[in-house]
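See below for the structure under consideration.
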Amino acid sequence: MTTPFALWDLDRTLIRLEIDIEDVKRWKTKIKARLAPLGWDGWLSPMLPTLENALDTLQETHGERVAGLRADLYRNLDDWEAQALQGLTPIHHGIEHLCALAERDTPLALVTNNGKPAADKALRALDEYAASQGWTPPSWRAQVFRTHHRPSKPAPDMLAFALQTMGYDGHSPALMFGDSDSDRFSAQALAGSGVPIKFVDVRSLPLQSTGGWVR
Ligand SMILES: [Mg+2]
């Protein structure tokens with residue numbers, strides 16, 4: 001049986017990043033205040049795709065001024081997210097599944113819309129949880145975080161970059177493990193461009209949902 005390439009979402013797939021909703025509202029207010037002088041006054045929900053769209057639209061009229069703002073906002077978001085992190089809750093069956101793949105030397109990549117500072121904290125907690133259960137911890141062949149250089153999920157770009165970084169051969173089966181529509185849509189978009197990738201909803205695991213690839 002061909003070994004699949006396995007891509008994993010982080011938040012609510014492997015570990016829950018607990019962030020106070022009031023902190024989210026405060027951050028949205030700050031972003032809006034930065035965008036308002038450029039003439040943008042819209043909703044930021046869902047936050048990342050709408051922010052990316054707003055910045056793309058503004059860049060067409062304001063050019064390089066927006067490129068600098070974009071980098072600054074993403075840096076602030078990364079810092080804010082790591083500071084706003086109230087707690088980390090491991091998701092048992094997600095981590096169990098990941099570690100079962102790690103045991104079989106499945107090529108693994110993390111593909112998360114979270115920023116690196118918060119995700120690094122979550123990955124440390126994930127490794128500790130795996131160790132506490134006696135499971136093989138993941139050895140990531142690629143880790144792809146939110147960055148202003150690349151559109152976030154539901155765009156397929158982060159998944160494509162992860163596969164490229166892993167040395168993907170272009171025809172092996174690939175699986176995207178996630179919990180949300182953004183994970184599903186990103187995998188579907190990539191499948192539409194010819195990559196044999198399927199979405200696996202971790203909320204609907206048990207194991208047979210991977211088509212027998214895992215066990
Ligand atoms: Mg998620």
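Each value in this text was obtained by applying a stated rule to the coordinates, not by laboratory testing. Since we're looking at a predicted model, the values are computed, not measured. Positions of Cβ are backbone-derived with ideal geometry, glycine not excepted, and every protein chain shown enters the neighbour counts.
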Which chymotrypsin sites (Phe, Trp or Tyr not before Pro) does segment 1-74 hold that lie in a coil by DSSP with at most 13 other beta carbons within 10 Å? Trp43
Rounded to the nearest 5, what is the percent of antiparallel bridges among the DSSP beta bridges in the chain? 25 percent
Considering only Cα-Cα distances, which of the following residue pairs are longer than 31 Å: Lys32/Lys153; Lys28/Lys198; Lys25/Lys198; Lys25/Lys116? Lys28/Lys198; Lys25/Lys198
The chain: most fluctuating residue of Gly178, Gly63, Gly115 per GNM, C-alpha cutoff 10 Å: Gly63
Mean separation of Cα contacts under 8 Å (at least 6 apart) over the residue count of segment 92-192, i.e. the relative contact order in percent, is 29 percent
Descending Cα extents along the principal axes, the chain, whole Å: 56, 39, 26
Theoretical ellipticity at 222 nm over the chain - DSSP helices of four or more residues, -39500 (n - 2.57) apiece, nearest 500: -16000 deg cm²/dmol
In degrees rounded to 10, the 0-90 angle between helix 157-166 Cα long axis and the longest Cα principal axis of the chain is 40 degrees
Contact order relative to length for segment 19-85, counting C-alpha pairs under 8 Å separated by 6 or more residues, stands in percent at 39 percent
Two decimals, Cα atoms only, Kirkwood Rh: what is Rg/Rh over segment 19-85? 0.96
Listed residues Ala191, Pro107, Tyr129: farthest to the positive end of the dipole of the chain (Cβ charges): Ala191
Using alpha-carbon positions, what is the distance between the centroids of segment 138-171 and segment 62-90, in Å? 19 Å
